[in-house]
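Let me begin by presenting the structure, written as structure tokens, before commenting on it.
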Amino acid sequence: MMAPALARTAVGYDTASVRADFPILAREVHGHRLAYLDSAASAQRPRAVIEAVDHYETHCHANVHRGVHALSQAATDAFEGARERVRRFLNARSAKEIIFTRGTTEAINLVAHAWARPRLGPGDEILITWLEHHANIVPWQMACAATGATLKVAPIDERGELRFDEFEALLSPRTRLVAVAQVSNALGTVLPVARIVKAAHARGVPVLLDGAQGVPHGGADLQALDCDFYAFSAHKLYGPTGIGVLYGREALLREMPPWQGGGDMILSVSFSGTTYNDLPWKFEAGTPNMSGAVGLAAAIDYLEDLGAAAVHAHEQRLLAQATTAALEVPGLRVIGTAADKAAVLSFTIEGIHPHDLGTILDSEGVAIRTGHHCAMPVMDFFGLPATARASFACYNDDADVSQLIGALHKAREVFA
Ligand code: PLP
């Protein structure tokens, strides 16, 4: 496996060597250099991740947990080793608390099914915020519809910040769970999760954090965060698709029934009864995504080698630079101006539909996201059908920002 680029932090952040780790960035799009500014949707993978997955597929693959032969043991070691790597990354107390899922969406659904539904009844409440991704709205709507519980939504303000007082006022004796994003994917707002957890716990209410956008921008020390559930996807953290993690506090996971039945989640099966497996396998029915787990572990190694703090500072610099330059584009309005923002720049330009903007930018080699970003309530709040969103990651550089801004001016000329 190739070593990631070295000496990035000693003499400042060496973007060129980081970019060289990502083979896809060498390709052209429509005859232009690729400016990939859609990492909030899915980040690109460094060679270290691609090679780790390739190594697993080439040398280690077999089914896990079940075989006595050498390959099955190699695959099991790789898979369980990846779990331990995730545990260390999250600073969780035990690998029993790390459940592999298909991603954030499946992790939240797991909690909605196995933790929330058996506990909810008419009059009970789940509290979320107006900023949530659909993955942290719809599973709760479904759980409420099935149980008679009510979904409560804490409002935001014009900057896209949570109205904390109103959030706190919505915590009631009937609140059974608080489920909030760590970072909004649509606006970049960093939510005050430490305060949220503290306020909820003061009333005995557990908290689920949707870390899909939080984990790539500063990581997650779960013992410091003190949340009860935490969900994230590998593909937003420079890892593969189809793999993610649910962290759950061990005591809560123990109380929960399995949510899917099948192989691997059992200790014994007979027609007179089935005994479920121990944690974490109780929640991992069927053959898991072993190569994905290996890729996720490699992505964590990669990010930690870069240094989460160095990456964060680099992204913040690009965000500030892009925001300042974008505001000089006539008619451009930044949507989401929270004081604490991750590297997401959401905007509209008067007279240009975001989809048209996205198409023009694509023709200039600039990849951004346009649409509702799976956060339709946020769009409704701002009275918009869609925004354009540029998001920055460890491999973006000043040239990406210039290419973005140049393409925005070009779009203005097209629609003038
Ligand atoms: N939550 C947030 C905040 C997200 O940004 C996303 C994806 O964009 C998700 C949840 C869903 O992630 P996935 O599609 O990987 O399950």
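Does any residue of the range 149-167 turn out to be over 18 Å from residue 112 (Cα atoms), in contact with a helix residue (DSSP H, G or I) (Cβ under 6 Å, 6 or more places away or on another chain) and open to solvent by less than 10 Å² (accessible area, probe 1.4 Å)? For the range 149-167, residues over 18 Å from residue 112 (Cα atoms), in contact with a helix residue (DSSP H, G or I) (Cβ under 6 Å, 6 or more places away or on another chain) and open to solvent by less than 10 Å² (accessible area, probe 1.4 Å): present. Tell me, please, whether a residue that is among the charged types (D, E, K, R), open to solvent by less than 10 Å² (accessible area, probe 1.4 Å), within 15 Å of the ligand (Cβ to nearest atom) and not in a helix (DSSP H, G or I) can be found in the range 132-142. The answer is yes; a qualifying residue exists.
Residue under question is residue 328, and the condition is that it be of a type in the set (Asp, Glu), over 24 Å from residue 18 (Cβ atoms) and outside the structural domain of residue 80 (by TED's automatic domain parsing); does it hold? In short, yes. Residues that are assigned to a loop (DSSP other than H, G, I, E, B) and among the polar types (S, T, N, Q) were ranked within the range 261-302; the one that is least open to solvent (accessible area, probe 1.4 Å) is 277. The listed residues are 204, 160, and the only one of them that is more than 16 Å from the ligand (Cβ to nearest atom), modelled with pLDDT of 95 or more and in a loop (DSSP other than H, G, I, E, B) turns out to be 204. Residues in the range 83-118 that are away from the ligand (no atom under 16 Å from the Cβ), in a helix (DSSP H, G or I) and either touching a strand residue (DSSP E or B) at 6+ places or on another chain (Cβ under 6 Å) or not basic (Lys, Arg) (or both): 83, 84, 87, 89, 90, 95, 97, 114, 115, 116, 118.
Condition check for residue 165 on (1) away from the ligand (no atom under 16 Å from the Cβ); (2) touching a strand residue (DSSP E or B) at 6+ places or on another chain (Cβ under 8 Å); (3) not aliphatic (A, V, I, L, M): one failure, at (2). With the structure loaded, tell me whether residue 178 is within 14 Å of the ligand (Cβ to nearest atom) and either of a type in the set (A, V, I, L, M, F, W, C) or free of Cβ contacts under 8 Å to residues at least 60 places away in the same chain (or both) or whether it fails that test. For residue 178, the condition - within 14 Å of the ligand (Cβ to nearest atom) and either of a type in the set (A, V, I, L, M, F, W, C) or free of Cβ contacts under 8 Å to residues at least 60 places away in the same chain (or both) - is not met.
For the range 47-76, the set of residues classified as surrounded by 15 or more Cβ atoms within 10 Å (Cβ to Cβ) and acidic (Asp, Glu) consists of 51, 54, listed by residue number.
Conditions (1) among the aromatic types (Phe, Trp, Tyr); (2) modelled with pLDDT of 95 or more; (3) farther than 15 Å from residue 396 by Cβ, marked per residue:
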site	(1), (2), (3)
8	no, no, no
17	no, yes, no
23	no, yes, yes
27	no, yes, yes
30	no, yes, yes
33	no, yes, no
39	no, yes, no
44	no, yes, no
52	no, yes, yes
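If a residue must be assigned to a helix (DSSP H, G or I) and under 19 Å from residue 100 (Cα atoms), how many such residues does the range 61-73 contain? Residues in the range 61-73 being assigned to a helix (DSSP H, G or I) and under 19 Å from residue 100 (Cα atoms): 2 in total. If you scan the range 318-342, which residues turn out to be out of contact with any Lys or Arg (no Cβ under 8 Å at 6 or more places or on another chain), open to solvent by 10 Å² or more (accessible area, probe 1.4 Å) and not in a helix (DSSP H, G or I)? The answer is 327, 328, 332, 333, 334, 340, 341. Take the residues of the range 216-256 that are within 12 Å of the ligand (Cβ to nearest atom) and polar (S, T, N, Q): which is surrounded by the most Cβ atoms within 10 Å (Cβ to Cβ)? Among residues in the range 216-256 that are within 12 Å of the ligand (Cβ to nearest atom) and polar (S, T, N, Q), the one surrounded by the most Cβ atoms within 10 Å (Cβ to Cβ) is 233.
The rows are residues; the columns are (1) of a type in the set (Ser, Thr, Tyr); (2) surrounded by fewer than 16 Cβ atoms within 10 Å (Cβ to Cβ); (3) closer than 16 Å to residue 388 by Cα.
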position: 304; (1), (2), (3): no, yes, no
position: 311; (1), (2), (3): no, no, no
position: 316; (1), (2), (3): no, yes, no
position: 344; (1), (2), (3): no, no, yes
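Search the range 169-200 for residues being of a type in the set (D, E, K, R) and under 24 Å from residue 122 (Cβ atoms), and hand back the single one that is surrounded by the most Cβ atoms within 10 Å (Cβ to Cβ). It comes out as 176. Contact annotation: residue pairs with Cβ atoms under 9 Å, 6 or more positions apart or on different chains, pairing a residue in the range 385-403 that is in contact (Cβ under 8 Å) with a residue 12 or more places away in the chain and assigned to a loop (DSSP other than H, G, I, E, B) with a partner that is of a type in the set (S, T, N, Q) and surrounded by 24 or more Cβ atoms within 10 Å (Cβ to Cβ), are 392/39; 393/39; 394/39; 395/39; 396/39. Within the range 357-380, the set of residues being in contact with a Pro (Cβ under 8 Å, 6 or more places away or on another chain) and open to solvent by 30 Å² or more (accessible area, probe 1.4 Å) comprises 370, 372. Among the numbered conditions (1) under 28 Å from residue 19 (Cα atoms); (2) modelled with pLDDT of 95 or more, the only one that residue 382 does not meet is (1).
Every condition in (1) free of Cβ contacts under 8 Å to residues at least 40 places away in the same chain; (2) over 17 Å from residue 132 (Cα atoms) is met by residue 347 except one, and the failing one is (1). For the range 112-131, a residue qualifies if it is crowded, with 16+ Cβ neighbours inside 10 Å, out of contact with any Lys or Arg (no Cβ under 7 Å at 6 or more places or on another chain) and over 21 Å from residue 258 (Cβ atoms), and the qualifying residues are 128, 129, 130, 131.
The values are calculated or read from the model by the stated rules, or taken from the named source; none is laboratory data. Since this is a predicted model, take the numbers as computed values, not measurements. Cβ coordinates were reconstructed from backbone atoms using ideal geometry, including for glycine residues, and neighbour counts include every protein chain displayed. The area values use the complete protein model at the heavy-atom level, side chains included, leaving out ligands, DNA and RNA. Shrake-Rupley method; radii C 1.70, N 1.55, O 1.52, S 1.80 Å.
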